[in-house]
Amino acid sequence: MFANRFGSTLSLVDKKSYTQYNYYTATGRPSNRFGGINFAALNKEDDTRSCFVSSHEQGCLVEIDFNSYHPRLIAQLIGYDFGTDNVYEHLASHYHNTPNPTPQQIESAKEGTFRQLYGGIQQQYLHIPFFSRTNEIARYLWKTAEDLGYVESPISGRRLMLSNHSDMNMNTLFNYFIQMYETEMNVIILNKIHELLQSHKTKPVLYTYDSILFDVELSELDYLLRGVVTKAIDLEKFPIKIKRGDNYKSLALLQ
């Protein structure tokens, strides 16, 4: 089945496929490819993902997916608290000046928020506290980079160097900085997960930016959900969705 999907480029050993991560990219976000296959961008529409299944006789795949991850990471950096609110419902109430935004307004807020975060905060939205503070940190990072030639990760001290980019501007720098911060936060989470699963059959098998895929022995499913996940992730700051399926394409939301 693997050969039919990917041909001879796939690295396959004992029916297991392997990939390679490079954390030392210029953008701060790791690449995840091997043999010409980008595992972070496997097609969701065709059957490409259906050939990835659990290695356990009694097993399944489980994916944890961080909700509104970039806005919440930014909120942590700027000292903003979304609380238990849906991020885009929270912002929609500011966009539209209403305590009860409609589903259409919430969806519009989601689209608008990404435009603000990565295209630059427009003047008309600077009255919204989350955006005004985001604008402040973006300007601070840009000023620091202009003065020093780089900005440093608050976690590792790793530097994003202006000299590595010919077309850098304030918005691009901010985007890369958040991607770097996301990556290093996830490495901390993955380290905790590995520690908690050392003596277990269940293992994380794929990391893709705002989600982690696990190959789960069914007898350990409850431990993963109630023991590992709750200890490795601050679910109040970073709520998640959990999906389960027999293969990577069939993942469905757990209620």
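Can you report the number of residues in segment 162-196 which are among the basic types (Lys, Arg) and buried (at least 19 other Cβ atoms within 10 Å of the Cβ)?
Of the residues in that region, 0 qualify.
Can you find, within segment 197-241, the residue that is surrounded by the most Cβ atoms within 10 Å (Cβ to Cβ) among those that are in a helix (DSSP H, G or I) and of a type in the set (Gly, Ala, Ser)?
Of segment 197-241, the ones in a helix (DSSP H, G or I) are 197, 218-232.
Among the residues that remain, those that are also of a type in the set (Gly, Ala, Ser) are: 219, 227, 232.
Details: Ser219: 13, Gly227: 14, Ala232: 20.
Among them, the one singled out is Ala232.
Inside segment 51-162, counting only helices (runs of 4 or more DSSP H) that do not spill past its ends, which hold 3 or more residues that are modelled with pLDDT of 95 or more and among the basic types (Lys, Arg)?
129-148
Counting only residues that are under 20 Å from Val53 (Cβ atoms) and assigned to a loop (DSSP other than H, G, I, E, B), which one in segment 1-34 is modelled with the lowest pLDDT?
If we take residues in segment 1-34 being under 20 Å from Val53 (Cβ atoms) and assigned to a loop (DSSP other than H, G, I, E, B), then Met1 is modelled with the lowest pLDDT.
Here are the criteria: (1) more than 30 Å from Arg159 (Cα to Cα); (2) surrounded by 12 or more Cβ atoms within 10 Å (Cβ to Cβ); (3) in contact (Cβ under 8 Å) with a residue 40 or more places away in the chain; (4) of a type in the set (Val, Ile, Thr). Tell me which single one Thr84 does not satisfy.
(2)
In segment 52-71, which residues are buried (at least 18 other Cβ atoms within 10 Å of the Cβ) and touching a helix residue (DSSP H, G or I) at 6+ places or on another chain (Cβ under 7 Å)?
Gly59, Cys60, Val62, Ile64, Ser68, Tyr69, His70, Pro71
Table: residues versus (1) under 18 Å from Arg29 (Cα atoms); (2) charged (D, E, K, R); (3) in contact (Cβ under 8 Å) with a residue 12 or more places away in the chain; (4) surrounded by fewer than 16 Cβ atoms within 10 Å (Cβ to Cβ).
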site: Ile121; (1), (2), (3), (4): no, no, yes, no
site: Lys143; (1), (2), (3), (4): no, yes, no, yes
site: Leu148; (1), (2), (3), (4): no, no, no, yes
site: Ile155; (1), (2), (3), (4): yes, no, yes, yes
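Which is touching a residue at least 24 places away in the same chain (Cβ under 8 Å), surrounded by fewer than 14 Cβ atoms within 10 Å (Cβ to Cβ) and more than 20 Å from the chain's Cα centre (by Cα), of Pro129, Pro99?
Pro129
The values are calculated or read from the model by the stated rules, or taken from the named source; none is laboratory data. Just so it is clear, the structure is predicted and the values come from calculations on it, not from any experiment. Here Cβ is always computed from backbone atoms with ideal geometry, including for glycine, and neighbour counts include all displayed protein chains.
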